[in-house]
1. Being within 16 Å of the chain's Cα centre (by Cα) and either closer than 21 Å to Phe310 by Cα or within 15 Å of the ligand (Cβ to nearest atom) (or both) narrows it down to one of Leu68, Leu133, so name that one.
2. Considering only the stretch 274-282, I want to know if a residue exists there that is over 17 Å from the mean Cα position of the chain (by Cα), among the small types (Gly, Ala, Ser) and over 29 Å from Thr121 (Cβ atoms).
3. Could you say which residue among Pro154, Pro89 is at negative phi, open to solvent by 20 Å² or more (accessible area, probe 1.4 Å) and not small (Gly, Ala, Ser)?
4. Answer yes or no: is there a residue in the stretch 140-150 that is within 17 Å of Ala76 (Cβ to Cβ), touching a residue at least 60 places away in the same chain (Cβ under 8 Å) and within 16 Å of the ligand (Cβ to nearest atom).
5. Confirm whether Ala188 is away from the ligand (no atom under 16 Å from the Cβ) and open to solvent by less than 20 Å² (accessible area, probe 1.4 Å).
6. Can you find even one residue in the stretch 113-132 that is over 22 Å from Asp247 (Cα atoms), hydrophobic (A, V, I, L, M, F, W, C) and open to solvent by 20 Å² or more (accessible area, probe 1.4 Å)?
7. Name the residues in the stretch 90-127 that are assigned to a helix (DSSP H, G or I) and more than 10 Å from the ligand (Cβ to nearest atom), would you?
Amino acid sequence: MISAENPHTTTSVPDLSSSHDFDFNLVDYLSQRQAVVEAALDASIPVVYPEKIYEAMRYSLLAGGKRLRPILCLAACELAGGTLDMALPTACALEMIHTMSLIHDDLPAMDNDDFRRGKPTNHKQYGEDIAILAGDGLLAYAFEHVAICTQQVPAERLLKVVARLGHAVAATGLVGGQVVDLESEGMADVTLSTLNFIHAHKTGALLEASVLSGAELAGADQHLLQRCSQYARNIGLAFQIIDDVLDVTATREELGKTAGKDVQAQKATYPSLWGIPESQRQAQRLIEEAKAELAVYGEQAIPLLALADFIIARKS
Ligand code: GRG
């Protein structure tokens with residue numbers, strides 16, 4: 001859970017409580033929503049035989065993290081007039097998918113990282129064989145969880161959400177982004193359009209699916225889905241720009257993972273193309289545009305507006 005007061009956290013929340021025009025406390029909102037998500041995730045995967053694989057799945061799933069994807073999903077569902085209960089299984093599934101992508105990303109065959117969310121990576125703890133299977137187990141279970149546990153949502157809406165999640169994970173999403181990322185490593189001439197492709201798929205696709213699935217579960221109309229999509233694309237890109245900046249400026253303790261990894265792996269990043277000040281300006285512009293998309297919905301949109309601010313103010 002992220003909380004400035006929680007000494008076990010690997011992340012910290014900047015004080016945004018007074019930086020917003022509305023009577024809305026983001027720190028309180030985040031810690032309440034994180035508590036809801038943590039409890040649901042904890043309950044979602046009990047440990048049964050063969051215990052080792054369930055423990056490995058839970059090891060990474062319950063290791064903290066900002067829980068941004070589930071929180072975006074819940075907030076979008078509420079914006080569209082739905083309830084938390086309608087979206088909670090999908091919110092958990094998004095975190096399962098995100099966590100499995102981190103487990104596989106950290107493998108020696110990919111980014112080869114030793115630390116994640118302030119702990120040894122899954123393969124360091126359980127070995128590569130179990131880490132691969134823990135990722136596979138989380139991915140498959142995410143879809144089962146949405147299909148079995150979602151209630152009060154018509155089946156045709158649920159089907160759309162399942163298809164959307166699949167699209168975000170497949171070669172049309174995370175997998176495609178990861179492939180181009182791996183191919184681009186060490187190349188000196190990575191263009192802005194390739195960098196945008198990598199991150200729109202590797203990072204943006206799941207963030208967009210988080211917002212859109214939440215809205216879709218509540219039966220959002222095309223107009224709202226369109227605005228949510230533009231909001232999510234903007235925050236997704238801004239999120240990655242800030243991720244790249246933090247890789248240069250933050251410490252391992254703040255990040256909960258190895259810092260300076262992009263330079264070490266000779267990866268093209270937004271700061272390497274633009275420098276840090278311009279990267280921050282671009283991220284700020286994207287966030288302002290994201291907020292403008294949803295500001296028309298007034299008070300209902302306040303949590304999503306504040307979450308957009310959080311994306312650039314975060315320190316981890
Ligand atoms: C999805 C089938 C399948 C395979 C995975 C490895 C891979 C293919 C894709 C890589 C995806 C990846 C790791 C993208 C990086 C996304 C990103 C910016 C992660 C950091 O997210 P935060 O900051 O992390 O939200 P926390 O720990 O807070 O949840």
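The values are calculated or read from the model by the stated rules, or taken from the named source; none is laboratory data. The structure displayed is predicted, hence computed values, not measured ones. All Cβ positions, glycine included, derive from the backbone under ideal geometry; neighbour counts span all protein chains shown. Only protein heavy atoms, including side chains, enter the accessible area calculation; ligands, DNA and RNA are left aside. Shrake-Rupley method; radii C 1.70, N 1.55, O 1.52, S 1.80 Å.
1. Numbers: Leu133 fails: within 16 Å of the chain's Cα centre (by Cα).
Every option except Leu68 fails the conditions.
2. Applying the first criterion (over 17 Å from the mean Cα position of the chain (by Cα)) to the stretch 274-282 yields 274-282.
The next check asks that each one be among the small types (Gly, Ala, Ser); those that pass are 275, 279.
Next cut, over 29 Å from Thr121 (Cβ atoms) only: 275.
Yes, there is a match, as at least one residue in the stretch 274-282 is over 17 Å from the mean Cα position of the chain (by Cα), among the small types (Gly, Ala, Ser) and over 29 Å from Thr121 (Cβ atoms).
3. Working: Pro89 fails: open to solvent by 20 Å² or more (accessible area, probe 1.4 Å).
Pro154 is the lone residue from the list that is at negative phi, open to solvent by 20 Å² or more (accessible area, probe 1.4 Å) and not small (Gly, Ala, Ser).
4. No - not one qualifying residue is present in the stretch 140-150.
5. Values: away from the ligand (no atom under 16 Å from the Cβ): yes; open to solvent by less than 20 Å² (accessible area, probe 1.4 Å): no.
Here the answer is no, as Ala188 does not meet what is asked.
6. The answer is yes; a qualifying residue exists.
7. Taking the stretch 90-127 first, the residues assigned to a helix (DSSP H, G or I) are 90-105, 122-126.
Thr90, Ala91, Cys92, Ala93, Leu94, Met96, Asn122, His123, Lys124, Gln125, Tyr126 - these are the residues of the stretch 90-127 that are assigned to a helix (DSSP H, G or I) and more than 10 Å from the ligand (Cβ to nearest atom).
To keep it simple, each residue is scored yes or no on (1) within 26 Å of Ser210 (Cβ to Cβ); (2) open to solvent by 20 Å² or more (accessible area, probe 1.4 Å); (3) modelled with pLDDT of 95 or more.
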{"position": "Gly236", "(1), (2), (3)": "yes, no, yes"}
{"position": "Ile241", "(1), (2), (3)": "yes, no, yes"}
{"position": "Asp247", "(1), (2), (3)": "yes, no, no"}
{"position": "Thr251", "(1), (2), (3)": "no, yes, no"}
{"position": "Gln264", "(1), (2), (3)": "no, yes, no"}
{"position": "Gln282", "(1), (2), (3)": "yes, yes, yes"}
{"position": "Arg285", "(1), (2), (3)": "yes, yes, yes"}
{"position": "Glu288", "(1), (2), (3)": "yes, yes, yes"}
